[in-house]
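What follows is a short report on a single structure.
The values are calculated or read from the model by the stated rules, or taken from the named source; none is laboratory data. Nothing here was measured: the structure is a model prediction, and the numbers come from that model. Cβ: placed from backbone, ideal geometry, glycine included. Neighbour counts: every protein chain shown.
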Amino acid sequence: MTTKGSQEGDAPVRIVPYDAVWPELFEKERGILEGLLAQWLVGPIEHVGSTAVPGLAAKPVIDIMAAVESLGASRPAISALEAVDYVYFPYQPEQKHWFCKPSAVFRTHHLHLVPFGSRSWIERLAFRDFLRRDSVTAGEYAELKRQLATRYEFDREAYTEAKGPFIQRILKLAL
């Protein structure tokens, strides 16, 4: 099992305009993951995060969430994913198995193995779906992300944490 982290460095936070190719990149990756993860999947593989919201500026990293029965039952998938260049990181290990592809320094994909129906599963989909329906809120989120990316360009953890209050406000509306 590969666990790499800050010793490799971390990719800077960069927000770019929406790219219409992002859904295609997700679909291509889903095709790879469906076969590889079939024995652990108990639900769909979803395109989540900002690249899943048409028109939304985002970090150019495809966020993918795959439904598993439990973290314990899906633990063998960590090794299986190495074959397709996913690197496991024990980030929020009580909620998910989290991966970068192909490395922490250069990221094209994030993969979250999340228990189906869990709070994390429900909240990620609710947030994505709310932004897909509400372009004004999506625009506010894009502006916040641009500001935070400037402030926390080399601190992904602080960038993510600073988005928290906005995300919680939207989740209250969405749920």
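Observations, loosely collected:
- Among the residues of the stretch 120-154, the ones that are without any contact (Cβ under 8 Å) to a residue 24 or more places away in the chain and either outside any loop (DSSP other than H, G, I, E, B) or farther than 18 Å from GLY55 by Cα (or both) come to 8 in all.
- Scanning the stretch 89-110 for residues that are surrounded by 13 or more Cβ atoms within 10 Å (Cβ to Cβ), part of a loop (DSSP other than H, G, I, E, B) and without any contact (Cβ under 8 Å) to a residue 60 or more places away in the chain gives TYR91, GLN95, LYS96.
- Residue pairs whose Cβ atoms lie under 6 Å apart, sitting 6 or more positions apart in sequence or on different chains, and linking a residue in the stretch 155-175 that is within 16 Å of LEU131 (Cβ to Cβ) to a partner that is assigned to a helix (DSSP H, G or I) and of a type in the set (Asp, Glu), are LEU171/GLU123.
- Number of the condition not met by ARG132 [criteria: (1) of a type in the set (D, E, K, R); (2) surrounded by fewer than 16 Cβ atoms within 10 Å (Cβ to Cβ); (3) closer than 15 Å to ARG14 by Cβ]: (3)
- If you go through the stretch 61-88 and keep only what is within 22 Å of LEU25 (Cα to Cα), surrounded by 18 or more Cβ atoms within 10 Å (Cβ to Cβ) and of a type outside the set (A, V, I, L, M), you end up with ASP63, TYR86, TYR88.
- Only listed residue being outside any helix (DSSP H, G or I) and more than 29 Å from GLU143 (Cβ to Cβ), chosen from GLY35, GLY43, GLY55: GLY43
- Screening SER70 with (1) assigned to a helix (DSSP H, G or I); (2) more than 13 Å from the chain's Cα centre (by Cα) gives one miss only, at (1).
- For the stretch 15-32, residues that are part of a loop (DSSP other than H, G, I, E, B) and either farther than 29 Å from GLU143 by Cα or at pLDDT below 95 (or both) total 0.
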